[in-house]
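Asker: I have a structure I would like to understand better, so I am pasting it below and will then ask my questions one at a time.
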Amino acid sequence: MSGVIRNACPGVAAPMATGDGLLLRLRQPLAGLTASAARAVAEAAEAHGSGTLELTMRAGLQLRGIAPQRAEAAHGRLVAAGLAESDAGREAVRNVVAAPLADRDPAAAADITAVAEAVANTLTADPALQALPPKVGVVVDGGGGAHVGEVTGDLRLEAVDPGRFRVALGGTAADAEPLGSVAVEAAPALVSRLLHRFLALRDADPYPPGRVAAAVSRYGTAPFIEAAGDALGPVADRPLEPVSLERVLGPQNGWLGAAFPFGVLEARQLRRLAELLGPGGTLRVTPWRTLALTDPLPGAEAELAPGGAILDPGDPRLALEACPGRAGCSAGTTATRPDATAAGAAVPALIAAGGRLHVAGCDKACGAPTQPALTLVAEAGHYTLALGSADGPVLRAGLDPAAVPATLAALDAALRHHRQNGEGTGTTLARLGPEFLRTWLEEASDPE
């Protein structure tokens, strides 16, 4: 182990100090976790930490509460299982997120697993690329119903057919800047060339951009097209529909998808999932903070819900997001997850109409979902209620956690009363606006 303790972007070789010990983050296992690998993760989490695991929005798996004196042993166990790099520099640059189910999704354009692994190996084999800023990463997408088009990436390889990928820079599939297309066999080398050009642009700039999207904004795409040379072909069209949990959770044509409240599970639950895999089956870690069992044993579905897994995409717990709060972070001042559970029970209409609620333990608002309807941000043991994201219009400040459910119940009543046919939560709240909602809350708290 390197002895490096990061303040952000942790790994296994370079963990991060948190309020409950060290956090070790496994990069996405691109081919999935075998049963033996899943057991190794569970053993490391229990033997060296709190036994709590978290699924991340970039398809990572975090081990929490690792005792500092046990971090080296945990690292060694995960390296021995083939799940982590021994070197912190190689680990940091192995920042690849891939569509986790492209080999199983009948609508996918191609199985991209081998290309994703080749890209990851290309990145780690080149010491010069360790100079990349820590968040720079590559997204490899297979398309279909379980695509990763909404995951941001500095470079994007998006399968058009089994032989070619669309290449784009910076962002999601919807807003990344397209460069062209590349043959499958040339894709890893092209990624290397484009990232080397990004490094060269940084070296020549007294105020170097931290991400590829910023470089494109500053310099345009011409330097990258030049670096690609004749590897690029014409830009390919690749329309995508948003991924819905209906297409990834529960029994699907090729896997069984399971979620967990707040993306958190215990080592014993991971071990049980491994036991439910049939011969050749794997656990796929997804950017929707779910796990997918490929080739599960008969009867596996009936075993999951009693063990704490969520299979129903309509389960209201999936509308709640919360960081660990003071239980697991030195910056947190509230019990965010219990508070989120109580808050969620107060807004059934908001959730039923598609709204999401985010509870943040501090103003960093870690783990924010896309377009939350409401956000609660903690400071000094109290909450500020914002419309939309954490930086949205403030509806109420200085809320005691015990007062949050009643405040949210009043907003839920406003939504029920004023929602028009066909409107989702976000549309209704935006139409009503912050001034109306503030007045509504004031009148609800002072009925006289």
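Taken together, the values in this text are just the output of simple stated rules run on the coordinates, not laboratory data. Predicted model, so just to flag it, every value in this text is computed and none were measured. Positions of Cβ are generated from backbone atoms using ideal geometry, with glycine treated the same way; all protein chains shown enter the neighbour counts.
Asker: Amide H to amide H, which residues 5 or more places from L33 or on other chains are under 5 Å from it, using H placed in the peptide plane?
Answerer: Answer set, sorted by chain and number: L283, R284, V285.
Asker: Taking only C-alpha pairs under 8 Å that are 6+ residues apart, what is the relative contact order of the chain in percent?
Answerer: In percent, rounded to a whole number, it is 12.
Asker: Can you work out the Karplus-derived ³J(HN,Hα) for every residue in region 375-384? Use 6.51 cos²θ - 1.76 cosθ + 1.60 with θ = phi - 60°, whole Hz, and x for glycine or proline.
Answerer: Result, ordered by residue: 9, 9, 10, 8, 8, 6, x, 10, 10, 9 Hz.
Asker: Specify the inter-centroid distance of region 124-142 and region 64-118, based on alpha-carbon positions, in whole Å.
Answerer: Distance between centres, Cα-based: 13 Å.
Asker: Please list 3J(HN,Hα) in residue order for region 290-305, calculated via the Karplus relation 6.51 cos²θ - 1.76 cosθ + 1.60 where θ = phi - 60°; whole Hz, with x for glycine and proline.
Answerer: Going residue by residue, I get 10, 10, 10, 8, 9, 6, x, 5, x, x, 4, 4, 5, 7, 6, 4 Hz, with x marking Gly and Pro.
Asker: Now a separate question. Could you work out which residue, out of L411, L249, L432, moves most in a Gaussian network model of the chain, that is, has the largest mean-square fluctuation with Cα springs under 10 Å?
Answerer: L432
Asker: Give me the percent relative contact order of region 247-307, please, defined on Cα pairs under 8 angstrom at least 6 residues apart. Working shown, then result.
Answerer: Details: 80 pairs, mean separation 22.7, N = 61.
Once normalised by length, the contact order is 37 percent.
Asker: Which of V235, V359 has the fewest other C-beta atoms within 10 Å, and how do the rest follow up to the most?
Answerer: By the 10 Å Cβ count, ascending, the order reads V235, V359.
Asker: Right, next: Once Lys and Arg get +1 and Asp and Glu get -1 on their Cβ, which of G76, T34, L63 lies farthest toward the positive end of the dipole of region 16-83?
Answerer: T34
Asker: Here's something else I'd like to know. Using each residue's phi in region 58-65, evaluate 6.51 cos²θ - 1.76 cosθ + 1.60 at θ = phi - 60° and report the 3J(HN,Hα) Karplus result to the nearest Hz, with x for Gly and Pro.
Answerer: 10, 6, x, 9, 9, 9, 9, x
Asker: A further question on this structure: Looking at region 331-390, what % of the alpha carbon pairs are farther apart than 14 Å?
Answerer: 50
Asker: Could I ask something else about it? If I build a Gaussian network model for the chain, linking alpha-carbon pairs within less than 10 angstrom, which residue out of A319, A258, A200 has the largest mean-square fluctuation?
Answerer: Of A319, A258, A200, the most mobile in the Gaussian network model is A200.
Asker: Per DSSP H run of at least 4 residues, take -39500 (n - 2.57); add these up for the chain, divide by its residues and hand me the 222 nm value, nearest 500 deg cm²/dmol.
Answerer: Theoretical 222 nm ellipticity from helices: -9500 deg cm²/dmol.
Asker: Which parts of region 25-46 would a label at E275 reach, counting a residue when its backbone N lies under 18 Å from a point 7 Å out along Cα-to-Cβ?
Answerer: Residues 34-46 fall inside that zone.
Asker: With the chain treated as a Gaussian network of Cα nodes joined by springs under 10 Å, which of A47, A168, A159 yields the largest mean-square fluctuation?
Answerer: A47
Asker: Check which residues have an amide H placed less than 5 Å from G19's amide H, if you skip close sequence neighbours.
Answerer: When sequence neighbours closer than 5 places are left aside, the close amide H contacts are C329, S330.
Asker: Further question on the same structure: Averaged across orientations, what area in nm² does the convex hull of the alpha carbons in the chain project?
Answerer: If you wrap the Cα atoms of the chain in a convex hull and average its projections, you get 22.2 nm².
Asker: If you find the alpha carbon centre of region 188-219 and of region 365-438, how far apart are they in angstrom?
Answerer: Their Cα centres are 39 Å away from one another.
Asker: Which whole-number percentage describes the relative contact order of region 16-83, with Cα contacts under 8 Å and a sequence gap of 6 or more?
Answerer: In percent, rounded to a whole number, it is 40.
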